[in-house]
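Visitor: One structure is given below, represented as structure tokens, and several questions about it will come after.
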Amino acid sequence: MDFVGLTIQVLKVLSDIAGSYGLGIIVLTVIVRMAMWPLSLSQQRSMKQMQSLQPRMKAIQERYKNDPQTMQRKMMEFYKEHNFNPMSGCFPLLIQMPIFILLYSSLMSPQFIQMAGNAPFLFVSSLDSTLRTNAGISKDGVMGVSNTAKFMTGKTAVVYLKNETLKDVKIDKPNDAVSVQGALNPGQPMDLKMSIDSLKDLKFSQFDKIEKADVEVTNIMTKETEMITFERKGYLLTATVPTKLVQSQFHFDVLVLIILFGLTMVFTQKAMMAMNKGQELDPSQAAMQKSMNMFMPVMLCGTFILIPIPAGVLLYLISSNIVQIIQTILINKKLDVEFAAKKAKVTDEEIADARQIKAKE
């Protein structure tokens, strides 16, 4: 199954409903986070339960610190007794990673670039733009390239036979249909080729009648698109295209998104730490936790500066952080009420037991 293609179609549907691809990404984020509500609730309930069990867990660790095997066995028995899974807090993160990778692949894919790569949103000029890109001018007859440029075709072509012209002829595997023949030197003419077998809708009897074809070719790196006429040579369609060296461009709007991601991550961590306010940590643990809370946002922002992350993916991450902050606050309030009720129930039962024992005496 083509998960990337499916994701792009879902984004298209959501964007049609919401009015833009930026809003479509935000709607997708909310849907994903809402679907993960049960897991988030389970994660935070597990953390809350761990806080309440922490003193007894530390007592077991202290008692059997010289016997690791016995300590591990006692801890497992303790977890089983209280229906506690220490790994449950990792499940939401494990689920989010494939979603992040899938969305990244989708927004970087040629299909999305052709469909909505230049779509703006608020102050963001283009949802597929990264911090640094090589800009090219489409439809000017000259293809902007670098030494590592890669190309794809549109989904259809105009094919000229000897006696007729066929429009909207489907191209098989547009991502791999066209390739560069020989060396690619920016500023010098570039030779392109594609097989006539890439033209899906033609019958065998029509292949020999092909004279040329007009094909839309896109530079995947720069998103520049040119309409190129390919001439028939044997079983190949070939074209020679003038080129120029592309210039690198810095996108400050993407930098703003990276900074916003870092800020929302800081607030996300603060919201998560708010539920640990009643938990006592030794000085070394507290210092390590504080360092991690400062280091993680800085490290991830630095990674996004070095690695090209599309603006659309950053928009997803920022939206996800904001929704997670709201979810965390709501879940914390729910769990506070839940655990307070449990504590009150235990206290009432202890009082009732004490009265029964006293009455028997």
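Nothing in this text is a laboratory measurement; each read-out follows from the coordinates by a stated rule. Since the model is a prediction, treat every value here as computed from it, not as a measurement. Cβ: placed from backbone, ideal geometry, glycine included. Neighbour counts: every protein chain shown.
Visitor: Report the local net charge at Gln327: Lys and Arg +1, Asp and Glu -1, summed over other residues whose C-beta lies under 12 Å from its C-beta.
Guide: Net charge in that neighbourhood comes out at +3.
Visitor: On to the next question. Mind giving me the FRET efficiency for Met299 and Ile326? R0 is 25 Å, r the Cβ-Cβ distance, nearest 0.05 is fine.
Guide: Efficiency at R0 = 25 Å is approximately 0.50.
Visitor: Tally Lys/Arg at +1 and Asp/Glu at -1 over every other residue whose Cβ is under 11 Å from the Cβ of Asp172; what's the total?
Guide: +1
Visitor: Between Ile259 and Leu23, how many nm apart are label points set 7 Å from Cα along the C-beta direction?
Guide: Result: 2.7 nm between the two label points.
Visitor: Would you kindly state how much longer the chain becomes between Lys333 and Phe204 on full extension, computed as 0.36 nm times their sequence separation minus their alpha carbon distance, in nm to one decimal?
Guide: Residue separation times 0.36 nm, minus the Cα-Cα distance, leaves 39.5 nm.
Visitor: A further question on this structure: Structure shown: which of Lys12/Lys270; Lys139/Lys170; Lys203/Lys223; Lys162/Lys203; Lys139/Lys162; Lys173/Lys233 lie over 25 Å apart, alpha-carbon to alpha-carbon?
Guide: With Cα atoms farther than 25 Å apart: Lys12/Lys270; Lys203/Lys223; Lys139/Lys162.
Visitor: Then there's this: What net charge do the residues around Val27 carry, taking every other residue with its C-beta under 13 Å from that of Val27, with Lys and Arg at +1 and Asp and Glu at -1?
Guide: Cβ neighbours under 13 Å give a net charge of +1.
Visitor: Using mean Cβ contacts within 10 Å as the protection proxy, how do 121-128, 30-37 order, highest first?
Guide: 121-128, 30-37
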